[in-house]
Amino acid sequence: MSELQIMYKTRLLLSGFNNGYTNMAIDEAVFASQRENPSLFTLRLYGWKPATISLGYFQEPAQVLNFEKLNLYNVGYVKRPTGGDAIFHDAEVTYSVITPLEYILNTTISSDNDVDIATPYKIILGGILKGLELLGLNANLRGQKIFSEFQHPYCFANNSAFDIVASEKKLVGSAQRRSKKVVMQHGSIPLKFDIDKMFECLKAKSEKERQFLKNDYLKKVTSLEAELHRALTYEEVVQYIAKGWENHFNIKFEIEETTESKIDGLTETETNLVDKFSQKYKPAIDCKSDFK
């Protein structure tokens, strides 16, 4: 760790399982706090309860979602602060990195310095790749976007240069939000997926279209259990991703865990912002489930 990086505190935030709007509120609260006072690197690892479909910032829920099926399967929904298409969060570990650019790039950043988008992506994904390697998985960065005229309604079936792939299929998808001095990057690491439930929760023009979309998804996307040929627990994957980060960046995290009654590990400012942003992200269209 360099002299510049020593100036910043590092934090591993183990948030456990939360509903969709609480998860998004925590990420935005940490990001907003660091935007005002860049001083803390956070790796946050978390899950979703209940299963939740997150939508890109510009997507309209009523145009994308089948609310009857959301009710049937007790699936929530939330809009992300980042773009893209729908993502089904169920049996997965979600990572979120919120960090001053100076820390992750290990160089002084002036307020008007334009940092390219690729460099932070690659550095952050290096930590994820190391965790997957420790887990026993051979994965790599796609490196180049593959052009396709077809846009799948599930974001995971669309490709990016910054996808982590295994067996030539997408395993980890990520998105990024930036301010001048802080970056927030989050992404999904699926343990497995329920293909039928996923696609029943989306609107489709016909069953033929739905089947086409399912088949296309299976051709392009994989999961940890599919690649490792064994069952995995959420806790096991969290342990290896965190360890991968420590090994790859030669750091030792201060671990903060969340209980059901309290969001531990957050500063007072962050906790207050979570309350504020929870209302922002709470679904405007309510289903019979209370999403708790």
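The values are calculated or read from the model by the stated rules, or taken from the named source; none is laboratory data. Owing to the predicted nature of the structure, the values given are computational and were not obtained by experimental measurement. We place every Cβ from the backbone using ideal geometry, glycine too, and count neighbours over all the protein chains shown.
With respect to (1) free of Cβ contacts under 8 Å to residues at least 60 places away in the same chain; (2) out of contact with any Ser or Thr (no Cβ under 7 Å at 6 or more places or on another chain), the lone exception for K169 is condition (2). Here region 188-224 is the region considered, the condition is being within 14 Å of H89 (Cβ to Cβ) and not hydrophobic (A, V, I, L, M, F, W, C), and the residue that is farthest from the chain's Cα centre (by Cα) is K197.
You will find that of E235, E246, E227, the residue that is within 21 Å of the chain's Cα centre (by Cα), without any contact (Cβ under 8 Å) to a residue 24 or more places away in the chain and crowded, with 16+ Cβ neighbours inside 10 Å is E246 and no other. Looking only at region 52-61, residues that are part of a strand (DSSP E or B) and of a type in the set (D, E, K, R) come to 0 in all. For G126, indicate whether it is closer than 20 Å to I241 by Cβ, touching a residue at least 40 places away in the same chain (Cβ under 8 Å), surrounded by fewer than 18 Cβ atoms within 10 Å (Cβ to Cβ) and not aliphatic (A, V, I, L, M). Yes. Of all residues in region 207-225, those that are farther than 11 Å from Y154 by Cβ and of a type in the set (K, R) total 3.
Residues that are at pLDDT below 95, surrounded by 15 or more Cβ atoms within 10 Å (Cβ to Cβ), in a helix (DSSP H, G or I) and not hydroxyl-bearing (S, T, Y) occur at least once in region 139-155.
The residue pairs whose first member lies in region 191-217 and is without any contact (Cβ under 8 Å) to a residue 60 or more places away in the chain, whose second member is in a loop (DSSP other than H, G, I, E, B) and not hydroxyl-bearing (S, T, Y), and whose beta carbons are closer than 8 Å, counting only pairs six or more residues apart or on different chains, are R210/A204.
Every residue, every condition in (1) in contact with a helix residue (DSSP H, G or I) (Cβ under 7 Å, 6 or more places away or on another chain); (2) outside any strand (DSSP E or B); (3) at pLDDT 95 or above, yes or no:
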| position | (1), (2), (3) |
| --- | --- |
| L4 | yes, yes, no |
| L14 | yes, no, no |
| F31 | no, yes, yes |
| Q34 | no, yes, no |
| T42 | yes, no, no |
| L45 | yes, no, yes |
| P50 | no, yes, yes |
| Q63 | no, yes, no |
| L72 | no, yes, yes |
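The set of residues in region 233-257 that are acidic (D, E) and either modelled with pLDDT of 90 or more or closer than 22 Å to S223 by Cβ (or both) comprises E235, E236, E246.
Would you check if E209 is assigned to a helix (DSSP H, G or I), out of contact with any helix residue (DSSP H, G or I) (no Cβ under 6 Å at 6 or more places or on another chain), more than 16 Å from L13 (Cβ to Cβ) and modelled with pLDDT of 95 or more?
In short, no.
Residues that are surrounded by fewer than 21 Cβ atoms within 10 Å (Cβ to Cβ) and modelled with pLDDT under 95 were ranked within region 82-100; the one that is farthest from V183 (Cα to Cα) is D85. Residues of region 74-89 that are over 19 Å from S223 (Cβ atoms) and outside any loop (DSSP other than H, G, I, E, B): G76, Y77, V78, K79.
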